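The structure appears below as structure tokens.
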Protein chains: 2
Amino acid sequence: MSAATSTVAPIAALVIIGNEILSGRTHDVNGQWLGSRLAGMGIPLKEIRVVADDKDAIVEAVNALRSRNTYVFTTGGIGPTHDDITTECVAAAFGARVVLNPEAKRRLEAHYGERHTDLNEARLRMAHIPEGADLIDNPVSAAPGFRLENVHVLAGVPSIMRAMFDGIAHTLTGGAPIRSLAVTSHVREGDIAGSLGDLQNRYPDTDIGSYPFAKGNRIGASVVIRGTDPHMLQEVGDQVAKLMRDLGEDPEMGEVA
Amino acid sequence: MSAATSTVAPIAALVIIGNEILSGRTHDVNGQWLGSRLAGMGIPLKEIRVVADDKDAIVEAVNALRSRNTYVFTTGGIGPTHDDITTECVAAAFGARVVLNPEAKRRLEAHYGERHTDLNEARLRMAHIPEGADLIDNPVSAAPGFRLENVHVLAGVPSIMRAMFDGIAHTLTGGAPIRSLAVTSHVREGDIAGSLGDLQNRYPDTDIGSYPFAKGNRIGASVVIRGTDPHMLQEVGDQVAKLMRDLGEDPEMGEVA
């Protein structure tokens with residue numbers, strides 16, 4: 001499927017669920033991975049919300065984002081413990097009931113049976129899925145995610161989240177892949193800021209960002225040009241490189257994630 | 001200032017502004033740092049929103065969060081380039097005008113003067129601050145952040161953001177510091193999930209989270225107990241450790257960030 005099949009460019013949002021991210025104990029890596037993966041599919045991530053393990057907060061975030069994005073993803077909160085409340089909250093956002101899903105139960109029975117592990121009441125919670133949802137395969141630890149309309153509920157453990165996403169990626173209708181060209185040197189961004197603003201006005205179909213950095217005791221800036229047309233990116237990149245060379249710098253230019 | 005001066009426990013939210021975070025190019029580290037720092041001050045972070053360099057998105061996030069949090073912080077988008085629009089957006093959220101701030105201008109003149117660098121129009125943008133705002137010192141690169149009511153506008157570069165926050169930390173009224181005790185072993189969380197839920201019900205003043213992990217080919221779980229009363233944390237921690245020992249595990253227990 002390509003952008004040609006869709007007249008509106010797809011966009012996405014992510015809800016990251018978990019007190020452990022907000023408290024700083026756990027460093028989220030799912031947002032960066034999904035943002036990068038979705039950009040490559042032409043589905044730019046427009047917003048990320050990190051919310052607590054709190055029903056009202058999760059329901060509000062899911063409802064706010066599902067109405068204005070082509071796709072919404074959630075990560076976290078679908079395990080067997082009392083703090084795993086994502087399933088019931090997503091169901092509540094849709095006004096759906098949570099029911100024992102026979103296929104999900106069969107998968108858990110097979111998984112835990114092979115491991116001679118008791119499929120106790122806590123583990124069986126992971127087979128309770130909103131009515132009408134499609135299961136999302138979990139090739140790592142069996143307990144499935146699910147899709148309800150445009151909301152995709154994924155695990156929080158990064159390796160499992162990635163495997164789940166890879167399994168559903170073909171079901172998402174992407175747009176033209178968004179490419180990024182970076183032009184980097186030890187220029188001070190304040191010296192090129194005016195010219196960059198002019199360039200942005202002349203090339204409204206690209207998105208030009210300037211990111212200062214400090215490495216050791218030298219500062220510099222990466223100018224990143226993003227867009228779907230590689231020729232236009234190169235054209236803008238060449239002009240940014242010229243701005244830097246005119247200031248005596250020797251910029252590096254290359255495609256980036 | 002202590003919790004005793006305030007009857008309502010303070011809470012905070014963070015707005016991270018920048019396309020480069022959403023595209024996956026840049027990995028945000030400010031959220032984790034602020035979440036951890038604020039927890040230590042007894043000001044739990046309740047929500048993080050990552051939004052694009054887009055006026056409507058920034059204004060909406062700031063307005064949604066400032067009305068229901070004691071403190072709001074923003075990071076990113078206060079540099080000299082065209083994609084730095086945080087200041088005008090925060091001003092718009094309050095209906096405030098952006099004006100040339102004489103003290104901010106003086107700081108930039110001193111900073112760039114020492115470096116024999118032209119304070120051009122782009123750099124002078126960084127001295128434009130919403131009317132009525134207090135400046136937040138930037139000891140690294142001079143261009144100040146600002147506070148407008150309960151919204152604190154900080155830089156996105158982590159070293160600068162941290163220096164800015166350290167400068168204003170004493171102006172925030174904290175609550176009792178939130179402590180975390182982690183109990184970790186190779187237990188499968190499904191084996192203790194039922195008992196953990198019971199413990200959570202018995203200790204509603206603590207927040208018990210269970211976080212599975214996979215290290216090499218072994219799985220396990222960290223149970224993290226969070227709360228303000230160290231004695232209660234120890235009491236719950238001892239009971240979690242007993243649950244694990246009863247299953248033949250040898251748990252490690254200790255305070256964590």
**Prompt:** In the range A:225-239, how many are crowded, with 21+ Cβ neighbours inside 10 Å and either touching a helix residue (DSSP H, G or I) at 6+ places or on another chain (Cβ under 7 Å) or more than 26 Å from A:Ala9 (Cβ to Cβ) (or both)?
**Reply:** 2
**Message:** Going through A:Val157, A:Val99, A:Val151, A:Val140 one at a time, which residue ends up being in the same structural domain as A:Ser36 (by TED's automatic domain parsing), modelled with pLDDT under 95 and over 18 Å from B:Ala193 (Cα atoms)?
**Reply:** A:Val140
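Which residue out of A:Asp207, A:Asp198, A:Asp229, A:Asp191 is away from chain B (no Cβ under 12 Å) and acidic (Asp, Glu)?
On the way: A:Asp207 fails: away from chain B (no Cβ under 12 Å); A:Asp198 fails: away from chain B (no Cβ under 12 Å); A:Asp191 fails: away from chain B (no Cβ under 12 Å).
Among A:Asp207, A:Asp198, A:Asp229, A:Asp191, only A:Asp229 is away from chain B (no Cβ under 12 Å) and acidic (Asp, Glu).
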**Prompt:** Of all the helices (runs of 4 or more DSSP H) wholly in the range B:77-139, which have at least 2 residues that are touching a Lys or Arg at 6+ places or on another chain (Cβ under 8 Å), within 13 Å of chain A (Cβ to nearest Cβ) and not acidic (Asp, Glu)?
**Reply:** B:102-114
**Item:** Selection from the range A:71-87 of residues that are farther than 17 Å from B:Ile48 by Cβ and either surrounded by fewer than 19 Cβ atoms within 10 Å (Cβ to Cβ) or in contact with a helix residue (DSSP H, G or I) (Cβ under 6 Å, 6 or more places away or on another chain) (or both)
**Value:** A:Ile78, A:Pro80, A:Thr81, A:His82, A:Ile85
**Prompt:** So which of A:Arg226, A:Arg202, A:Arg245, A:Arg218 ends up being at pLDDT below 95 and either more than 23 Å from B:Ile17 (Cβ to Cβ) or not assigned by TED's automatic domain parsing to the domain that holds A:Gly40 (or both)?
**Reply:** A:Arg218
**Item:** Of all residues in the range A:37-55 being assigned to a helix (DSSP H, G or I), surrounded by fewer than 21 Cβ atoms within 10 Å (Cβ to Cβ) and within 11 Å of another protein chain (Cβ to nearest Cβ), the one that is modelled with the highest pLDDT
**Value:** A:Arg37
**Prompt:** For the range B:32-64, which residues satisfy the criterion of being hydrophobic (A, V, I, L, M, F, W, C) and closer than 15 Å to B:His152 by Cβ?
**Reply:** B:Trp33, B:Leu34, B:Leu38, B:Met41, B:Ile43, B:Leu45, B:Ile48, B:Ile58, B:Ala61, B:Val62
**Request:** Residue by residue through the range A:64-76, note down the ones that are assigned to a helix (DSSP H, G or I) and within 13 Å of chain B (Cβ to nearest Cβ).
**Result:** A:Ala64, A:Leu65
**Prompt:** Only one residue in A:His128, A:His82, A:His116 is in contact (Cβ under 8 Å) with a residue 24 or more places away in the chain and not basic (Lys, Arg), so which one is that?
**Reply:** A:His128
**Request:** Would you tally the residues in the range A:97-115 being small (Gly, Ala, Ser) and surrounded by fewer than 17 Cβ atoms within 10 Å (Cβ to Cβ)?
**Result:** 2
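So for the range A:5-12 (the condition being crowded, with 22+ Cβ neighbours inside 10 Å and either under 17 Å from the mean Cα position of the chain (by Cα) or closer than 23 Å to B:Val15 by Cβ (or both)), does at least one residue qualify? Walk me through how you get there before you give the answer.
Residues of the range A:5-12 crowded, with 22+ Cβ neighbours inside 10 Å: A:12.
If we keep only those that are either under 17 Å from the mean Cα position of the chain (by Cα) or closer than 23 Å to B:Val15 by Cβ (or both) too, we end up with A:12.
Within the range A:5-12, one or more residues are crowded, with 22+ Cβ neighbours inside 10 Å and either under 17 Å from the mean Cα position of the chain (by Cα) or closer than 23 Å to B:Val15 by Cβ (or both).
The values are calculated or read from the model by the stated rules, or taken from the named source; none is laboratory data. Source: prediction; values computed, not measured. Here the Cβ is made from the backbone with ideal geometry for all residues, glycine too, and neighbour counts use every protein chain on show.
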